[in-house]
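Participant: Structure provided below as structure tokens; questions to follow.
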Amino acid sequence: MGFLSVLSFAHKLIMDRVHPGDIAIDATAGTGADTLLLAQRAGRSGQVYALDIQDEALRLTQERLDRASLTNLAQVSLLLGSHADMKTLIPEHEHGQVSAVMFNLGYLPADIADKRVITETDSTLIALETAIGLLRPGGVVTIVLYPGHAGGEREAAAVESWTASLPSSSVQTVMYRGLQRSEAPYLIAIERKKT
Ligand SMILES: C[S@@+](CC[C@H](N)C(=O)[O-])C[C@H]1O[C@@H](n2cnc3c(N)ncnc32)[C@H](O)[C@@H]1O
């Protein structure tokens, strides 16, 4: 039967934790696959924020949402900007209320995309720190890392060591990784403890 793929495992963590009426964030909208999942889970009464630094990504995300033509999606706000600025982009009264923040690092996976535009270690770490502060108790941050492209290996190593340094009194962390191909994508997840 095989193990779940890294993306499926991330989606499973999200499906277990995002419920109708929830607030969730896609911190790297890209082509919108994660945004759509969050919008489906949060439902009509929910709110999803999708961030990206590229207009093209937000256009592709809107296209995916339109194509899905589902009536029960959450309100989705597409925000052009860096996830490092999440704290100011997300309304203050929702801080501490967010059920999930998804990161899928690397470059926009689209034919016409400029693959030199990638997530950068420094802003990624700022965004991750901010994301934890936005979570509700029991909320989760998922991060899919891509050590296989230029710059990706350094970013993945930095995220891994930053995650390992988080206090176990306030968060729990896990890694989901195949061990035979060091360049294959893998997942880190961080859950804010309930007490
Ligand atoms: C691997 S893609 C995301 C894939 C997406 N989850 C999907 O379903 O297609 C990474 C995205 O992060 C975006 N990105 C890079 N730096 C960013 C930043 N500082 N803030 C927000 N998005 C950023 C890129 O423009 C790119 O679209």
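The values are calculated or read from the model by the stated rules, or taken from the named source; none is laboratory data. Bear in mind the structure is a predicted one, so any value in this text is a computation, not a measurement. So basically every Cβ, Gly included, is an ideal-geometry build from the backbone, and we count neighbours across all protein chains shown.
Participant: Which ones in the range 3-23 are under 26 Å from PRO147 (Cα atoms) and of a type outside the set (S, T, N, Q)?
Facilitator: PHE3, LEU4, VAL6, LEU7, PHE9, ALA10, HIS11, LYS12, LEU13, ILE14, MET15
One line per residue, one yes/no per condition, for (1) charged (D, E, K, R); (2) more than 21 Å from LYS87 (Cα to Cα):
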position	(1), (2)
PRO20	no, yes
ALA33	no, yes
ALA39	no, no
ARG44	yes, yes
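Participant: A follow-up question, please. Could you list, in sequence order, all residues of the range 1-28 that are within 15 Å of the ligand (Cβ to nearest atom) and surrounded by fewer than 23 Cβ atoms within 10 Å (Cβ to Cβ)?
Facilitator: SER5, VAL6, LEU7, SER8, PHE9, HIS11, LEU13, ILE14
Participant: Also, I was wondering about something else. Considering each of LYS194, LYS115 in turn, give the residue that is farther than 25 Å from THR61 by Cα, surrounded by fewer than 20 Cβ atoms within 10 Å (Cβ to Cβ) and basic (Lys, Arg).
Facilitator: After applying the criteria, what remains is LYS194.
Participant: Turning to a different aspect of this structure: Let me confirm something: among GLU153, GLU129, which residue is in contact with a Pro (Cβ under 9 Å, 6 or more places away or on another chain), surrounded by fewer than 23 Cβ atoms within 10 Å (Cβ to Cβ) and of a type outside the set (A, V, I, L, M, F, W, C)?
Facilitator: Of GLU153, GLU129, the one residue that is in contact with a Pro (Cβ under 9 Å, 6 or more places away or on another chain), surrounded by fewer than 23 Cβ atoms within 10 Å (Cβ to Cβ) and of a type outside the set (A, V, I, L, M, F, W, C) is GLU153.
Participant: Within the range 136-147, identify whether any single residue is surrounded by fewer than 18 Cβ atoms within 10 Å (Cβ to Cβ) and at pLDDT below 95, and answer yes or no.
Facilitator: Checked the range 136-147: no residue is surrounded by fewer than 18 Cβ atoms within 10 Å (Cβ to Cβ) and at pLDDT below 95.
Participant: Now, a different point. Can you tell me which residue is nearest to VAL98 (Cα to Cα) among those in the range 175-191 that are surrounded by fewer than 13 Cβ atoms within 10 Å (Cβ to Cβ) and not basic (Lys, Arg)?
Facilitator: GLY178
Participant: Please find, within the range 130-169, the residue that is nearest to the ligand (Cβ to nearest atom) out of those that are hydroxyl-bearing (Ser, Thr, Tyr) and touching a residue at least 24 places away in the same chain (Cβ under 8 Å).
Facilitator: Restricting to residues being hydroxyl-bearing (Ser, Thr, Tyr) and touching a residue at least 24 places away in the same chain (Cβ under 8 Å), the top hit is TYR146.
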